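Working notes for the structure below.
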Amino acid sequence: MVNVICRKKGAMISAIVLAAGESKRMGKPKLLMPLGNSTVLEQTIDNLLSSKVSEVVVVVGYRSQEMTRIIADRPVKIAVNPIYKRGMSTSIITGLNLVNNKADAIMLMLADQPFISSRIINKLIGEFIDNNKGIVFPAYHGRRGRPVIFAAKYKAELLKLEGDVGAREIIKKHANDILEIAVNSESIYIDIDTVSDYYRALNSL
């Protein structure tokens with residue numbers, strides 16, 4: 001698979017895929033579950049690789065060897081988070097440590113959202129490039145979802161995150177720097193947390 005480089009106005013967008021969690025609500029590693037001709041994790045990554053992101057950093061932790069094995073043939077950077085049990089913030093920081101220092105922005109993507117298309121990802125990237133806001137969200141019918149793009153100026157704040165709340169506090173703190181982009185898909189807030197979520201996802205294929 002060929003990665004498409006984002007060249008418009010020279011922007012470099014680095015995507016971090018957060019794939020280190022234990023899948024406690026599922027009861028088994030949800031990212032390794034079959035989805036179409038691949039797995040949940042592979043589909044999420046492939047959507048990014050088909051988009052205009054400049055690089056993809058995948059952060060693994062729980063069952064890291066299996067995760068690494070199934071994506072080893074893809075043009076991604078793999079970061080192992082040994083302290084993933086301390087919360088999502090540790091995975092964000094682990095991923096940031098592998099992000100290209102020249103990146104203009106960082107996109108945070110949850111690994112269990114395989115239905116977010118490259119078209120939606122590209123729309124967010126395009127809006128980020130064409131506007132002067134530092135945080136870009138997708139929204140469907142007024143409800144915000146993911147992925148979220150943070151301008152590189154927020155990297156220092158992201159590196160100081162703690163616990164399992166993600167980047168929520170940074171978003172609250174900089175509410176005046178947010179650009180909300182309307183998309184025509186509820187995929188931006190559909191994730192696969194439970195067995196019923198998984199079977200609903202299969203039925204939607």
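The values are calculated or read from the model by the stated rules, or taken from the named source; none is laboratory data. The shown structure was predicted, so the numbers you read here are calculated from the model rather than taken from an experiment. Cβ coordinates were reconstructed from backbone atoms using ideal geometry, including for glycine residues, and neighbour counts include every protein chain displayed. Note: areas computed on protein heavy atoms with side chains; ligands, DNA, RNA excluded. Shrake-Rupley method; radii C 1.70, N 1.55, O 1.52, S 1.80 Å.
Being buried (at least 17 other Cβ atoms within 10 Å of the Cβ) and either modelled with pLDDT under 95 or within 25 Å of SER23 (Cβ to Cβ) (or both), is that true of even one residue in the range 175-188? Yes. In a loop (DSSP other than H, G, I, E, B), open to solvent by 30 Å² or more (accessible area, probe 1.4 Å) and within 23 Å of ASN97 (Cα to Cα) - does that describe any residue in the range 113-132? Checked against the condition, which is being in a loop (DSSP other than H, G, I, E, B), open to solvent by 30 Å² or more (accessible area, probe 1.4 Å) and within 23 Å of ASN97 (Cα to Cα), the range 113-132 yields no hits at all. The set of residues in the range 143-174 being open to solvent by 20 Å² or more (accessible area, probe 1.4 Å), touching a Leu at 6+ places or on another chain (Cβ under 7 Å) and under 23 Å from GLN43 (Cβ atoms) consists of ARG146 alone. Look at PHE137 and say whether it is under 22 Å from SER38 (Cα atoms), among the aromatic types (Phe, Trp, Tyr) and surrounded by fewer than 22 Cβ atoms within 10 Å (Cβ to Cβ). Judged against the criteria, PHE137 is not a match. The single condition from (1) open to solvent by less than 10 Å² (accessible area, probe 1.4 Å); (2) out of contact with any helix residue (DSSP H, G or I) (no Cβ under 6 Å at 6 or more places or on another chain) that ASN100 fails is (1). Checked against (1) within 18 Å of the chain's Cα centre (by Cα); (2) modelled with pLDDT of 95 or more; (3) assigned to a loop (DSSP other than H, G, I, E, B), LYS102 passes all but a single condition, namely (1).
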